[in-house]
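The values are calculated or read from the model by the stated rules, or taken from the named source; none is laboratory data. Given the structure is predicted, the values throughout are model-derived calculations rather than measurements. As a convention, Cβ positions derive from the backbone with ideal geometry for all residues, glycine included, and neighbour counts pool all protein chains shown. What goes into the accessible areas is simple: the full protein's heavy atoms, side chains included, and nothing from ligands, DNA or RNA. Shrake-Rupley method; radii C 1.70, N 1.55, O 1.52, S 1.80 Å.
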Amino acid sequence: MDQRKGMPTSLTLMVKSEQLALCLFSSRVFIPWRFSKWTRRPGKLCGTPMACASGVSQVRLESLSGKIILNDPVRDFHGYADKSATKKKVVKDVFRKGDMAFLSGDILVMDDEGYLYFKDRTGDTFRWKGENVSTIEVENIISRVTGLSDVIVYGVEVPNCEGRAGMAVILDREDTLNIDQLYDGMAKSLASYARPLFVRTVKEIEMTGTFKLKKITVQKDGFDINLIKDRVFFLDAKKRGYVPLTPEIHNKIISGDIRL
């Protein structure tokens, strides 16, 4: 893991019950790390932080964080160019009152023997129809079904609906996307609540400074076709497939005439 962010410097990977597990330990330079009870509100921790230990009585979902020590060559975190992004990654009062810690963004499951398993990434889930949807899982399935590698999935707000509806943005420079094939593939591989209600195809996707797909740019557009100039499709449950999102359909979704 990244030493500059105050995270553990050493990892041991092992196979346990046919699953890849990991056990964290400190190198000769001890770097404090901790698991905290995790809530699905991005950047939030709840409850009392707990140190890793074996002998845990039950499986738990934990968020890994590392202590930040200012001016330390290994444990300091200088932040990103985007100050708002830095603010989301730093939490206070984790180890003791007044300290700071870096949120790794990794959600791990700890079993009753203290072994840890990667579960998900914070911020990479949204809630729809009372269920939690993993954007990584949906992205991987869309990529496999379509053969297009650059896919972004996120949740968008819909008036008068609880949670966020799924929306996928697919980089399709050559217009090779078969929308019917996409629906069939997702119907076979994803629960109904996890299938994106909206699919947008684009010719370009903005990248971050570390060459990751920049989600926030397209996320701001939602499914508003008054802002979006690209092709957008809507999952019509009655037709069991995707149809072009027209102004008429868009208005009916906003007014509630089309129930999601």
Area accessible to solvent at residue 82, 1.4 Å probe radius, in Å²: 80 Å²
Gyration tensor (alpha-carbon) shape descriptor, the stretch 178-260, a/c threshold 1.5: oblate
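Just reorder 259, 144, 195, 231 by solvent-accessible area, largest first, 1.4 Å probe, all chains present.
259, 144, 231, 195
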Separation of the residue 99 and residue 140 label points, Cα + 7 Å toward Cβ, nm: 3.4 nm
With all protein chains modelled, accessible area of residue 80 [1.4 Å, Å²]: 90 Å²
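Put 203, 87 in order of accessible area, largest first, 1.4 Å probe: what do you get? Show your work: numbers first, answer last.
Numbers: 203 95, 87 165 Å².
I get 87, 203, largest accessible area first.
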Where labels lie 7 Å past Cα in the beta-carbon direction, separation of residue 69 and residue 113 in nm: 3.3 nm
The stretch 113-260: antiparallel DSSP beta bridges as a percent of all, rounded to 5: 80 percent
Surface/4 of the Cα convex hull for the stretch 144-210, nm²: 5.7 nm²
For the stretch 143-150, 3J(HN,Hα) per residue [Karplus equation, 6.51 cos²θ - 1.76 cosθ + 1.60, θ = phi - 60°, Hz, x = Gly/Pro]: 4, 5, 5, 8, x, 9, 7, 9
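Filter 88/129; 89/214; 188/252; 89/215 down to the pairs with a C-alpha to C-alpha distance above 23 Å, please. Could the numbers behind the result be given before it?
On the way: 88/129 27 Å; 89/214 17 Å; 188/252 28 Å; 89/215 17 Å.
Pairs exceeding the cut-off: 88/129; 188/252.
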Amide H partners (placed H, <5 Å) of residue 231, local residues excluded: 201
Whole-Hz couplings from phi, Karplus 6.51/-1.76/1.60, listed for the stretch 78-92; x for Gly and Pro: 8, x, 9, 5, 8, 5, 5, 5, 4, 4, 6, 8, 10, 10, 10
Coarse-grained scattering of the stretch 117-260 at q = 0.17 Å⁻¹, given as base-10 log I(q)/I(0) from a Debye sum over alpha-carbon atoms: -0.96
Span from the the stretch 125-151 Cα centroid across to the the stretch 201-252 one, whole angstrom: 14 Å
Extended-chain gain in nm, criterion 0.36 nm per residue less alpha-carbon gap, residue 174 and residue 87: 27.5 nm
Accessible area of residue 175 in the full protein assembly, 1.4 Å probe (Å², nearest 10): 100 Å²
